[in-house]
1. Counting only protein heavy atoms, what percent of the accessible surface of the chain is carbon or sulfur at a 1.4 Å probe?
2. Under a crude label model (7 Å from the Cα following the beta-carbon direction), how far is Asp35 from Ser79 in nanometres?
3. What angle, in degrees between 0 and 90 and rounded to the nearest 10, separates the Cα long axis of helix 15-26 from the longest principal axis of the Cα atoms of the chain?
4. Using a 1.4 angstrom probe, figure out how much accessible area the chain has per residue, in square angstrom, rounded to the nearest whole.
5. When the Cα centres of the range 113-131 and the range 18-70 are compared, how far apart do they sit, in Å?
6. What number, in percent, do you get for the relative contact order of the chain if the mean sequence gap of Cα pairs under 8 Å and at least 6 apart is divided by its residue count?
7. Helix 85-95 versus the longest principal axis of the chain: what angle, 0 to 90°, nearest 10, using Cα atoms?
8. So for the chain, Kirkwood radius off the Cα pairs, Stokes-Einstein at 25 °C and 0.890 mPa s: how many µm² s⁻¹?
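The values are calculated or read from the model by the stated rules, or taken from the named source; none is laboratory data. Only a predicted model underlies this, so the values are computations on that prediction, with no experimental measurement involved. All Cβ positions, even for glycine, are placed from backbone atoms using ideal geometry, and neighbour counts span all protein chains on display. Note: areas computed on protein heavy atoms with side chains; ligands, DNA, RNA excluded. Shrake-Rupley method; radii C 1.70, N 1.55, O 1.52, S 1.80 Å.
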Amino acid sequence: MTSRFTELVVHCQDPGRLAAFWCAVLDFEVIDPGDDKVEIGSWVPTVEDVRARQAPPTIVFIRVAEPKEGQNRLHLDVSPIDRSTEDEVVRLLALGAVRTDVGQGPGRSWEVMADPEGNEFCVLRTLAPGR
């Protein structure tokens, strides 16, 4: 017997706002809307699909009262697929992300950013053909 990684849960103060941000970043859709919980994904999982194969997890944003404190213990990495890394950083800044410093130092090949509630994530090398 095994388990499947089915959801990544993010505690936040505004689930709708973060869901909209991450949908724009990842080209996901809201698959289960709500005031205190919003689930997004690239597909609508069924029990049969999840049992049959490993599939991309959904992301669930759950409202909590307290703001984020300190650095994330877990974060997402994203890789642009149709533009340069710097062009993706510019796009994400326009969506509401910010550059952030978690002590990564100079000369790195990735960019550390934070979403609108301060959750860190990294933009890695581009996967765009010919870049």
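1. Details: 4310 of 8260 Å².
Carbon with sulfur: 52 percent of the solvent-accessible area.
2. Distance between the two pseudo-spin positions: 4.2 nm.
3. The angle comes out at about 60 degrees.
4. Details: 8260 Å² over 131 residues.
Roughly 63 Å² per residue, with all protein chains present.
5. The two parts, judged by their Cα centres, are 18 Å apart.
6. Working: 221 pairs, mean separation 33.7, N = 131.
Here the relative contact order equals 26 percent.
7. 60
8. Values: Rh = 15.9 Å.
Answer, rounded: 154 µm²/s.
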